Amino acid sequence: GAGVSQSPRYKVAKRGQDVALRCDPISGHVSLFWYQQALGQGPEFLTYFQNEAQLDKSGLPSDRFFAERPEGSVSTLKIQRTQQEDSAVYLCASSLLAGAYEQYFGPGTRLTVT
Amino acid sequence: AQTVTQSQPEMSVQEAETVTLSCTYDTSESDYYLFWYKQPPSRQMILVIRQEAYKQQNATENRFSVNFQKAAKSFSLKISDSQLGDAAMYFCAYRSPRSNTGNQFYFGTGTSLTVIP
């Protein structure tokens with residue numbers, strides 16, 4: 001079946017603009033994660049959904065970051081009033097079960113804020 | 001919070017040779033999961049191998065094997081008979097079994113592996 005997909009793959013935003021990044025997890029996967037990967041770094045956790053419930057948002061760097069998964073499938077990560085330090089690759093991952101140990105990653109969205 | 005350290009930013013290996021990538025981690029938990037992920041230039045992370053901390057036997061997947069030293073909190077990846085397609089960034093990752101953390105992964109900073117023809 002299809003893997004995790006993300007769109008757009010690349011996004012250039014001017015500082016102060018709002019952006020929305022989309023993640024389509026593998027069908028039927030309960031858990032969904034967002035990670036931020038700065039250049040030359042490993043991914044860092046942002047937020048976690050179990051179905052439509054956002055159970056952990058401790059990694060969101062500021063209140064400009066907002067994520068939702070209203071129907072328990074597709075998720076959107078929104079960044080308001082983008083800043084240059086928001087430039088990074090945003091990775092989405094999903095797993096079949098809440099306790100499953102394997103996460104399947106999407107290709108990421110590279111966000112560049114100018 | 002758990003930390004994962006990869007002390008080798010870059011490594012290179014001749015094709016068909018063997019290379020070992022290092023990873024250490026810090027945790028107070030007794031049970032956890034460890035992973036190696038591969039991230040080619042296309043950026044899609046691919047699982048290479050996983051290890052459950054309660055298992056003493058080192059995991060093996062074809063040409064990939066790990067050396068898991070629980071007391072030393074070390075989890076190295078050995079790639080045998082290296083191939084050009086192995087060139088990628090490799091990330092070591094830790095996952096707690098506790099559900100209140102959302103089962104998030106903690107990643108190291110990665111090791112960039114170059115395979116020399």
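Summing Lys, Arg as +1 and Asp, Glu as -1, what charge do residues with Cβ under 12 Å from the Cβ of B:Ser42 carry, B:Ser42 excluded? Could the numbers behind the result be given before it?
Working: positive: A:Arg9, A:Arg110, B:Lys38, B:Arg43; negative: none.
Every neighbour counted, the sum reads +4.
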Peptide A:37-48, shielding by other chains (average Cβ, 10 Å cutoff): 5
What does the average come to when, for each residue of peptide B:105-112, you count the partner chain Cβ atoms lying within 10 Å of its Cβ? 4
At a Förster distance of 35 Å, what's the computed FRET efficiency of B:Thr109 paired with A:Glu71, Cβ-Cβ distance as r, to 0.05? 0.50
What trypsin sites (Lys or Arg not before Pro) does the stretch B:1-109 have in DSSP loop regions with at most 14 other beta carbons within 10 Å? B:Lys55, B:Arg63, B:Arg98
Given springs between every Cα pair under 10 Å in a Gaussian network model of chain A, which of A:Val30, A:Val12, A:Val89 has the largest fluctuation? A:Val12
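Within the stretch B:1-100, which chymotrypsin sites (Phe, Trp or Tyr not before Pro) sit in a loop by DSSP and count at most 14 neighbouring Cβ atoms inside 10 Å? Don't skip to the answer; put the middle values down first.
On the way: sites: B:Tyr25, B:Tyr32, B:Tyr33, B:Phe35, B:Trp36, B:Tyr37, B:Tyr54, B:Phe64, B:Phe68, B:Phe75, B:Tyr90, B:Phe91, B:Tyr94; in loops: B:Tyr32, B:Tyr54.
Within the stretch B:1-100, the qualifying chymotrypsin sites (Phe, Trp or Tyr not before Pro) (loop, at most 14 other Cβ atoms within 10 Å) are B:Tyr54.
About the Cα centre, and with charges only on the beta carbon of Lys, Arg (+1) and Asp, Glu (-1), how big is the dipole of the protein assembly as shown? Nearest 20 debye, please. Present the calculation step by step, with values, prior to reporting the outcome.
Working: 21 positive and 21 negative charges, 84 e Å.
Dipole size: approximately 400 debye.
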The local net charge around A:Gln17, scoring Lys/Arg +1 and Asp/Glu -1 for residues other than A:Gln17 whose Cβ lies under 13 Å from its Cβ, equals +4
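Give A:Lys57/B:Lys78; A:Lys57/B:Lys38; A:Lys11/B:Lys70 a once-over and call out the pairs whose C-alpha atoms are over 30 Å from each other.
Values: A:Lys57/B:Lys78 35 Å; A:Lys57/B:Lys38 26 Å; A:Lys11/B:Lys70 42 Å.
A:Lys57/B:Lys78; A:Lys11/B:Lys70, as the Cα separations exceed 30 Å there.
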Positive-end residue, chain B charge dipole about Cα centroid, Cβ charges, pick of B:Ala72, B:Pro117, B:Gln104: B:Gln104
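Suppose all protein chains stay in the model; what accessible area per residue would a 1.4 Å probe give for chain B, in Å²? Provide the component values of the computation, followed by the final result.
On the way: 5590 Å² over 117 residues.
Ligands and nucleic acids excluded, the figure is 48 Å² per residue.
The values are calculated or read from the model by the stated rules, or taken from the named source; none is laboratory data. Keep in mind it's a predicted model, so treat the numbers as computed, not measured. Counting neighbours? That spans all protein chains shown, and the Cβs are built from the backbone with ideal geometry, glycine included. To get the accessible areas, we keep the full protein, side chains included, count just its heavy atoms, and leave off ligands, DNA and RNA. Shrake-Rupley method; radii C 1.70, N 1.55, O 1.52, S 1.80 Å.
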